[in-house]
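So the structure is just underneath, and the comments pick up after that.
The values are calculated or read from the model by the stated rules, or taken from the named source; none is laboratory data. Please read these numbers as outputs of a predicted model, since none were measured by experiment. Because the Cβ atoms are built from the backbone with ideal geometry, glycine has one as well, and the counts that use them run over all protein chains shown.
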Amino acid sequence: MADDTPAAADGAAESPEPEVLHGCPVTASRGQRVVHIPRDRYLAVMKLLLADGYHLCSDLTATDYLTALAARPLPDGVVAERFEVVLNLLDVLGARRLRVRVQVPAADPSLPSAFDLWPGTEAMEREVFDLFGITFRNHPDPSRILMPEDWVGHPLRKDYDIGRIPVQFKGAPEGR
Amino acid sequence: MTSTLRPPTRLTDEGAQELKPRHEQTARELLREVGAVLRLSEAEAATLADEQAASDPSEDQTMIINMGPQHPSTHGVLRLMLELQGETVLRCKPIIGYLHTGMEKTGEALTYLQGGTNVTRMDYLSPLNNELVFSLAVEKLLGIDGDIPERAVWMRMLLSELNRMSSHLLFMATNGMDMGAVSMMIYGWREREQVLRFFQKVTGLRMNHNFIRPGGLAADLPAGWRDDVLELLDVIPPRLEEYDILMTEQPIWRERLQDVGVITATEAMALGATGPILRSTGVAWDLRRSMPYLRYDDVEFDVIVGTYGDAFDRYAIRLNEIRESMRIVRQILDRMPTGDYRIQDKKVTPPPRARIDESMEALIHHFKIFTEGFKVPEGEVYVGIESPRGEIGCYIVSDGTANPYRIHIRAPSFVNIQCLPHMMRGGLVADAVAVISSVDPVLGEVDR
């Protein structure tokens, strides 16, 4: 497809020599390169990736694995946590992509902000904070972006009910 | 409902999202704020603040005004807060979210077959590109991305390019309107409507088609489609020549756009900008060329780049991209293969209607696909394609069921809109409209 990455079988565990990038395990997901960065080394490795030529951070988002914690195949040494922050980096000169996945525990959902490396992550980190409640340390403007300022809860979390519109119909319980 | 239960009414519910006056902020907050507006790191902002300390305006010289969310030239419900000194814009903060309807959350409740109806409503000016990126992502997860029939691939390219034309034609209209060339608005809508008429004939709808689906397309091209496309290709080029006379060569138009909203290549990349904004700075980055998908490596076209990174370059790039799209469409007309318009995988695409009357198995597959949907193997995938506004990406996490566990659309407008404060700083408030217009945001996609 669109990715100029070496084709590899799903799951790096099958290959005899797992690829390592800046000390972090690299896996392949449907032929796309994914690097798993531990949270305590997040900014340091991101700085190295920026120096590697990934000048454009095209996307930053997150996933809440609350109800599918065991489902993900992760490389050895990476402990599955509830939240996962996912960045898609783009090297414009080399025409290559790299996906970064960082495990973020539910007990302390926070990560240092990548704003100083890619200023464009400012709005995306605000979005992740707004919808997942993951805070980004040293973010210049840690406020909600899509939901109203006084909103309670973080809608894209899996334990956030999707809600419903009350409908009136015959036989509806009284006192609503 | 008793009023005592309600929280006290506030003037707005945005609170901390708003741009605060200088006296309400500490020096440190202001430093961060200016740094954030300029998208600088704190250290860089500090050195800038030192330089500017002498020339920093006092509170009574500046004024914070609100623009939008109902302003006609903010292209939907975009709200900007501008700090002005006289007519000069000092700080600017886009405030978004007025159109947020939780489409990513909704997407988790829809099956992969229904997902197309959801994503097509995000960037409502290029719905087919939204459907395309969603379908490509789902197909990659299913592992059938190499098995899509040739005709389906070329049909997707045809629709994608026509959609690029209709989107850019609408940009011509709104950009003209914002600059005061009101007749241009009517011309742009007129041409776009002709493209949409073709879409209506093919998909049944002018917008929100849900036509490109995982596995192929919803239907084959109707009889006589080739003549319709040829007619479009005859009608539009002379109209583009008229645009050149009306706008490109017109001194007032150039005065309004040239040297307005300038951004450099480094800044655009740091801000994550893609599409015409990045290309206007001279970076020839077009996913159709750099990371080809569909059969873009089989067709000839030029990537249009600018030089100065200003609003005029972005206008000229879009105008010429319409021409390049028509060039691609001509090649597609010559090379459109025959064959199936969707993959004949019974687990993914419904059986033809006629088969349902004859075959029990077809009836079962039809029923299963439209009630339960099809199951997608576990995994996660990100696919990015070139939409008229830049890189539109789709990130899907599947947990093996028929609904995506997480679906995220990387919306180009959402990222591009962050360039606004940077492009506007130091410019005139009258140029603010030109800058917004040149970014061409679609708020349905910004807020999702």
Working only within region B:275-314, note down all residues that are touching a residue at least 24 places away in the same chain (Cβ under 8 Å), within 14 Å of chain A (Cβ to nearest Cβ) and within 25 Å of B:Y243 (Cα to Cα).
B:G275, B:I277, B:L278, B:R279, B:T281, B:G282, B:D286, B:V303, B:V305
So B:A430 passes all but one of these: (1) free of Cβ contacts under 8 Å to residues at least 60 places away in the same chain; (2) part of a helix (DSSP H, G or I); (3) of a type in the set (A, V, I, L, M). Which condition number does it fail?
(1)
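When the residues of region B:356-395 are filtered to those that are part of a loop (DSSP other than H, G, I, E, B) and in contact with a helix residue (DSSP H, G or I) (Cβ under 6 Å, 6 or more places away or on another chain), which remaining residue is nearest to the other protein chains (Cβ to nearest Cβ)? Before you say what the answer is, go through the steps one by one.
Taking region B:356-395 as the starting set, the residues that turn out to be part of a loop (DSSP other than H, G, I, E, B) are B:359, B:372-378, B:388-389.
Going one step further and asking which of them are in contact with a helix residue (DSSP H, G or I) (Cβ under 6 Å, 6 or more places away or on another chain), we end up with B:376, B:388-389.
On the way: B:V376: 11, B:P388: 17, B:R389: 13 Å.
Per the stated criteria, the residue is B:V376.
Across region B:302-337, which residue is surrounded by the fewest Cβ atoms within 10 Å (Cβ to Cβ) among those that are within 21 Å of the chain's Cα centre (by Cα) and part of a loop (DSSP other than H, G, I, E, B)?
Pass one, region B:302-337, residues within 21 Å of the chain's Cα centre (by Cα): B:302-306, B:309-326, B:328-329.
Checking which are part of a loop (DSSP other than H, G, I, E, B) leaves us with B:302-306, B:309-310.
Numbers: B:D302: 13, B:V303: 16, B:I304: 20, B:V305: 18, B:G306: 21, B:G309: 23, B:D310: 23.
Looking at residues that are within 21 Å of the chain's Cα centre (by Cα) and part of a loop (DSSP other than H, G, I, E, B), I get B:D302.
From the list B:T266, B:T274, B:T281, which one is closer than 20 Å to A:L90 by Cα, surrounded by fewer than 21 Cβ atoms within 10 Å (Cβ to Cβ) and not assigned by TED's automatic domain parsing to the domain that holds B:D440? Show your work before the answer.
Details: B:T274 fails: surrounded by fewer than 21 Cβ atoms within 10 Å (Cβ to Cβ); B:T281 fails: surrounded by fewer than 21 Cβ atoms within 10 Å (Cβ to Cβ).
Answer to the check: B:T266.
Out of all the residues in region B:407-420, is one or more more than 25 Å from B:Y112 (Cβ to Cβ), modelled with pLDDT of 85 or more and more than 10 Å from chain A (Cβ to nearest Cβ)? So that I can check it myself, show each step before the final result.
First, pick out the residues of region B:407-420 that are more than 25 Å from B:Y112 (Cβ to Cβ): B:415-420.
Now restrict to residues that are modelled with pLDDT of 85 or more: B:415-420.
Filter once more, so that each one left must be more than 10 Å from chain A (Cβ to nearest Cβ): B:420.
Yes - at least one qualifying residue is present in region B:407-420.
For (1) within 11 Å of another protein chain (Cβ to nearest Cβ); (2) touching a residue at least 12 places away in the same chain (Cβ under 8 Å); (3) in contact with a helix residue (DSSP H, G or I) (Cβ under 8 Å, 6 or more places away or on another chain), each residue gets a yes or a no:
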{"site": "B:T101", "(1), (2), (3)": "yes, yes, yes"}
{"site": "B:E104", "(1), (2), (3)": "yes, yes, yes"}
{"site": "B:E108", "(1), (2), (3)": "yes, yes, no"}
{"site": "B:Y112", "(1), (2), (3)": "no, yes, yes"}
{"site": "B:V119", "(1), (2), (3)": "no, yes, yes"}
{"site": "B:D123", "(1), (2), (3)": "no, yes, yes"}
{"site": "B:P127", "(1), (2), (3)": "no, yes, yes"}
Residue that is closer than 18 Å to B:P404 by Cα and part of a loop (DSSP other than H, G, I, E, B), where the choices are B:L99, B:L113, B:L132:
B:L113
Leading residue by the ranking (nearest to the other protein chains (Cβ to nearest Cβ)) among those in region A:84-136 that are over 24 Å from A:P73 (Cβ atoms) and of a type in the set (D, E)
A:D116
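How do the helices (runs of 4 or more DSSP H) wholly within region B:207-272 filter down when requiring 2 or more residues that are within 14 Å of chain A (Cβ to nearest Cβ): which remain? Talk me through it step by step, then tell me what you get.
Details: elements: B:225-243, B:251-257, B:265-270.
Those helices (runs of 4 or more DSSP H) span B:265-270.
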When restricted to B:R197, B:R164, the only residue surrounded by fewer than 17 Cβ atoms within 10 Å (Cβ to Cβ) and modelled with pLDDT under 95 is B:R197
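Against the definition (within 14 Å of chain A (Cβ to nearest Cβ), at negative phi, modelled with pLDDT of 90 or more and over 24 Å from the mean Cα position of the chain (by Cα)), how does B:S398 come out, yes or no? Explain how you work it out, then say what you get.
On the way: within 14 Å of chain A (Cβ to nearest Cβ): yes; at negative phi: yes; modelled with pLDDT of 90 or more: yes; over 24 Å from the mean Cα position of the chain (by Cα): yes.
It is true that B:S398 is within 14 Å of chain A (Cβ to nearest Cβ), at negative phi, modelled with pLDDT of 90 or more and over 24 Å from the mean Cα position of the chain (by Cα).
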Can you tell me which condition B:V429 does not meet? The list is (1) among the β-branched types (V, I, T); (2) closer than 22 Å to A:V85 by Cβ; (3) surrounded by fewer than 23 Cβ atoms within 10 Å (Cβ to Cβ), and all the others hold.
(2)
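Report whether or not B:T401 is free of Cβ contacts under 8 Å to residues at least 60 places away in the same chain and either assigned to a strand (DSSP E or B) or β-branched (V, I, T) (or both).
When the stated conditions are applied, B:T401 passes them.
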Within region B:217-248, restricting to residues that are crowded, with 16+ Cβ neighbours inside 10 Å and in contact with an Asp or Glu (Cβ under 8 Å, 6 or more places away or on another chain), the one that is nearest to B:R335 (Cα to Cα) is B:I236
